[in-house]
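The structure under discussion appears below in the form of structure tokens.
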Amino acid sequence: MAVEAEGNEQQKNYEVLVCTGDLVYTGSFKYGFDQRLIDGLNEGIRSNAATKIVGFLPLTDATIIDRKGKETKQSLIYIAKNNIIFVGQVSSKAREKPLSTYPFREKLPIGVTIVAAQVYAAPYKVKGRIYVDTWGQVADTIESPSRFLPLTQVEIDPPLPGGGSKFDFIAINKERIISLSETPL
């Protein structure tokens, strides 16, 4: 199976961390240049002209870390989105081109604390900001049909295997949220 070339004008490439509770994956997530990371997670990505990957998240050059810190490498791995608690953006390798496909809409930041399910241990506590449309409510945002909810300025407790606990951006799987409460900013 061929992996798209790094220089492909039609794709963005982000380094991400994927948490499933028992395992943490790091690697490159490639998706269409006309998509944002959250769109690639919610809508799926094209692996080629005929195939759209919706239910799985493909990572290239992946490192898999278990609870004990043991690392395994895979050149390409597909992670079932049902098992993902959250995806954190580690860094960007994307070209900085202006995108006109997403018009700016005024949104208000709201602090939240989320308790998210983890399989065999205590759940993660995620603190961060969600953005709701002006005049919108948190309920409108969390009840949207999207699978993943974007959060910014995030702190995660307990820290992940490997020590990561702070992210500028994560996308949390709404199906894995146990509770969400508003907190002061």
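FYI, it's all coordinate maths here, none of it is from the lab. Just so you know, these numbers come straight off a predicted model, no measurement behind them. With ideal geometry, Cβ positions are generated from the backbone for all residues, glycine too; neighbour counts draw on all protein chains shown.
Couple of notes before you dig in:
- A Förster radius of 35 Å combined with the Cβ-Cβ distance from Thr134 to Glu15 puts the calculated FRET efficiency at roughly 0.60.
- In loop segments of the range 12-51 as defined by DSSP, there are no chymotrypsin sites (Phe, Trp or Tyr not before Pro) with at most 12 further C-beta atoms inside 10 Å of their C-beta.
- Length available on full extension from Leu185 to Lys68: 0.36 nm per residue minus the Cα-Cα distance, which gives 38.7 nm.
- Residue order, fewest to most beta carbons within 10 Å, for Ile172, Ile85, Ile177: Ile177, Ile85, Ile172
- Residue among Phe169, Gly111, Gln137 farthest towards the positive dipole end of the range 110-185, charges placed on Cβ: Phe169
- In whole angstrom, the range 107-183 maps to an equivalent ellipsoid with semi-axes of 22, 14, 10, each derived as √(5λ) from the alpha carbon gyration tensor and ordered largest first.
- With the simple model of a label 7 Å out from the Cα in the direction of the Cβ, Leu23 to Arg46 spans 2.9 nm.
- Spin-label pair Ser165/Lys127, simplified geometry with 7 Å Cα→Cβ offset, distance in nm: 1.0 nm
- Computed over all pairs of different Cα atoms, the Kirkwood value for the hydrodynamic radius of the range 11-92 is 12.8 Å.
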